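The values are calculated or read from the model by the stated rules, or taken from the named source; none is laboratory data. Values in this document were obtained by computation on a predicted structure and should not be read as measured data. Cβ coordinates were reconstructed from backbone atoms using ideal geometry, including for glycine residues, and neighbour counts include every protein chain displayed.
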Amino acid sequence: MIEKLSLIPPRPGVYLLKGAKEDVLYVGKAKNLRSRLRSYFQKSAELDARKTSMVKNIKDFSYVVTGNELEALVLEANMIKQYKPRFNVILRDDKNYPYLKLTVNEEWPRLEVVRRIKKDGALYFGPYVPARGMWEAVAFIRRNFPVRPCKYSLDKHMRPCIQYQMGKCPAPCNGLISKKDYMRIVEDVRLFLQGEKKELLDELEKRMERFSEELRFEDAAKIRDSINNLKRAWESQKVIAPELGDIDVIGFYGEGKETVALIFFIRNGVMIGTKDFHLKETAGIPTGEFFHNFIEQFYAKEIIPPDEIVLKQRPDEMRTLTAWLKDKKGRKVKITMPAEGKKLELLKMAEENAGIIFNSR
């Protein structure tokens, strides 16, 4: 292996450390592959107990050169998912979380539940973990802002289905609603899912007044009922702080060789869900490295990153990490370590609940 080490280029990339049976022990990335791989085999290297144990088992290695550190990060995440190496921190969760998709990229938009995110011009809301809150939102929308649930092409007139008879679809398939009025309902759905409370209520109240002036009392009564339903629904929400916007708060609690991670998903200042992970063989991993690896693996899934991720400590290689998150989201994603205020309170709450989950196993 010494001769092989001398041939490694000083370039960014991903490396695989292998055992006696060619099994992959560890997948890592590096800004300089030559320096990183040599560091494992230098006698003067200061390695933690976990990596010392790993080095004793290394019989071979391979690597892939990439164009830059960002490409290395993406490839590393994919390879960890593929090989599940025993010395990497592995998230034992292959599920893709549900999102609500509003297909504003279609002529007659519809609302559907999806687990795959595409860059298709549609609007995605979530993730909803657990999914109960999402289904409650869908039921509310169907009752109050009925957009079509079907996937049919509406190029030709069709007979209205039972959804129209139940009042859960305005039957654009049969021309029973104008494009202008239908798109107004779609806009109501968007405002509701984005938590734009004041704007939505103002718009509905103006519409109710206009219907009353036009003597369309039945339509005005429907709008009035929707307004009352909205107010009741928002009163029951777990509003954390509207000014927080879209953030994920990640708390950790560990003892011995195991750690529990707990994520609070907050969207538009509302707690829409939580998710916990039980991570094994975490003893001895430096905190910055551990936080980096967790973020990388979690957001490598079919997940849209929030505007901000809240942690207790700065993750390693944060510049590369935030560049990757920005590329995935399509705009800047911040990683913050609050020292005071509401975000710090939420972080402590996440850590406390991670501890409760850890001790209740």
Scan of the stretch 16-28 for residues that are in a strand (DSSP E or B) and either aliphatic (A, V, I, L, M) or under 12 Å from I80 (Cβ atoms) (or both), ordered by number
L16, L17, V24, L25, Y26, V27, G28
Just name the residue that is nearest to K29 (Cα to Cα) out of those in the stretch 86-115 that are crowded, with 17+ Cβ neighbours inside 10 Å and modelled with pLDDT under 90.
N88
Flag if S153 is farther than 30 Å from I304 by Cα and surrounded by fewer than 20 Cβ atoms within 10 Å (Cβ to Cβ)
no
Conditions (1) within 26 Å of M134 (Cβ to Cβ); (2) among the basic types (K, R); (3) surrounded by 15 or more Cβ atoms within 10 Å (Cβ to Cβ); number of the one not met by R331
(3)
Which listed residue is out of contact with any His (no Cβ under 6 Å at 6 or more places or on another chain), part of a helix (DSSP H, G or I) and within 21 Å of V138 (Cα to Cα), from D219, D181
D181
Please identify the pairs in which a residue from the stretch 15-36 that is under 19 Å from F294 (Cα atoms) has its Cβ atom under 8 Å from the Cβ atom of a residue that is part of a strand (DSSP E or B) and small (G, A, S), counting only partners at least 6 apart or on another chain.
Y15/G28; Y15/A30; Y15/S62; L16/S62; K29/G13; A30/G13
Can you confirm whether the stretch 342-361 contains a residue that is farther than 21 Å from Y253 by Cβ and in a loop (DSSP other than H, G, I, E, B)?
no
Subset of the stretch 295-331 [in a helix (DSSP H, G or I) and more than 25 Å from N268 (Cβ to Cβ)]:
E296, Q297, M318, R319, T320, A323
What number of residues within the stretch 283-296 satisfy the criterion of being surrounded by 20 or more Cβ atoms within 10 Å (Cβ to Cβ) and either among the β-branched types (V, I, T) or more than 19 Å from I247 (Cβ to Cβ) (or both)?
4
